[in-house]
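This report concerns only the one structure given below.
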Amino acid sequence: MGSSSSSYTPKTIYLDVDGKVQKVVFSQHCSPCDIKELLCSSSNIPNTAIKMVDPEGALVSIDPTMPTNSPLSKEDMFQNVLSQVAEQFSAFRINELKTEVTNRIAMLEKRVEVEGLKVVEIEKCKNELKKLRDEMTSRGGGVNCPCKYNFSDDGKKVTPRRDVPSYPKYTLSQETIEALKKPTFDVWHWEHNEMLSCLEYMYHDLGLVKEFNMNPITLKRWLLAVQENYRNNPFHNFRHCFCVSQMMYGMIHLCNLQEKLTLTDMGILMTAAVCHDLDHPGYNNYQINARTELAVRYNDISPLENHHCAVAFQILSLPECNIFANVDPEAFKQIRKAIIALILATDMARHGEILEAFKQKVDNFDFTNEEHVTCLKMLLIKCCDISNEVRPTEVAEPWVDCLLEEYFMQSDREKSEGLPVAPFMDRDKVTKPTAQIGFIKFVLIPMFETVMKLFPQIEELMVQPLRDSRDHYEELKQIDDAMTEAQKKKTENMSLGGKKN
């Protein structure tokens, strides 16, 4: 209603409609005709039936034939009252306001709908970009430090590319639990979520969760972050990570390392195995020859292995993924140093150096000697990293195809860039038998036989399968050679026959 500063005093009209008095207040925005129509239509009676009472209580009638006590004429009185009360309230503005509010709501709803579509489009675009990046990686693109992390010079911590999702908890059968402890375990039958559950079980089973006072949820998050940062390469992928970790778990049981090493040592072995190839780009010695950013960053010294270490500790630097958060800082320094040493030991350029160092210690090995134990751990992770031929042929052979696919991708790129090509990676020179025979004879068997001197129990389950694999590929090579020779003679005969004709 009007304030005290208004020039108009609020007025009220009391209507006597068929004996009932009703109170009506109007504002300045109403015209007399509008009010008259409103009164008549709202009362559903003709104009002549309306009676009004003025502020002094005198009866006022709109009907000209009705008598009145007002000194003013009926029309003047009506006009005077309407002109004053019409200043305060407009019943007809309600519809205008309602229309305006409705229009604004409709506009906001449209805007929300558009913004929602934008979010959907953004997510769709993100997914398409991720697919494109993975496709480029698989075709050999992005070798110049193609890391999923942004290593900034200021040393700031980074976070994984996306929020870490959850994975379902699988209850492992007793059969699976027993199979996990053996080198014969078939890694091809498991989905990623199942492999994650198996890795989680290994940490619990070995007592590592209790030893390092790990939060079980943190262990889950860490494993998920690790899986996220393995690329979809033909060979160096998360399944390879699981292979190496499972073989390490199997060797811990087979060699009774729980009785010979500390729980800290086993935690170092398992964690190094899980992280040993993080963010591998699918290219090996290409880095140094091509002078990639990784090679420049690490001065040509094990660039890939140094990168794997860096990514591993970038993940562990995240509070939600730090499985060693409850370890004493000084103890963590030693754990970090040991994990780095093991991951760097997987560089095949150091194979001869590490094997020779162990050979010098194995005859008088001392489990209480820290240097001896470190040397053993380095050789163990090397064994696990290249242990596929230890597994049954039906499990091992698909890995050869995966590795050759990566090798050929690399050699094709090296040829296109005019870089040196390793003979064992050249698709024009190498076959599956030739690729494996030399590797098994001169790398795998000598290394595992050296470990066998300390742990004789591995001969049946690990060394003998290697010998059988060597024999298998030598037979294949003989068949290939015979077929090649037959084809050669056939070609020569056809050539001689053509000349005679």
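The values are calculated or read from the model by the stated rules, or taken from the named source; none is laboratory data. All of these numbers come straight from a predicted model, not from anything done at the bench. Glycine gets a Cβ as well: all are built from the backbone with ideal geometry, and neighbour counts include every protein chain shown. In case anyone asks, the SASA skips ligands and DNA or RNA and just uses the protein heavy atoms, side chains included. Shrake-Rupley method; radii C 1.70, N 1.55, O 1.52, S 1.80 Å.
Measure off 7 Å from each Cα along the Cα-to-Cβ vector at E211 and E405, then give the distance between these two points in nanometres to one decimal. Roughly 3.6 nm, to one decimal.
What's the FRET efficiency of N299 with R104 using the Cβ-Cβ distance as r and R₀ = 51 Å, to the nearest 0.05? So, using R0 = 51 Å, E works out to roughly 0.20. For region 174-401, the per residue solvent-accessible surface stands at 38 Å², with DNA, RNA and ligands left out and a 1.4 Å probe. The magnitude of the dipole of region 265-335, with charges of +1 and -1 set on the Cβ of Lys/Arg and Asp/Glu and taken from the Cα centre, is near 200 debye. For the peptides 182-195, 333-346, the ranking by mean Cβ contacts within 10 Å, running from highest to lowest, is 333-346, 182-195. The accessible-area ordering, largest first, of the residues R297, R467 stands as R297, R467, per a 1.4 angstrom probe.
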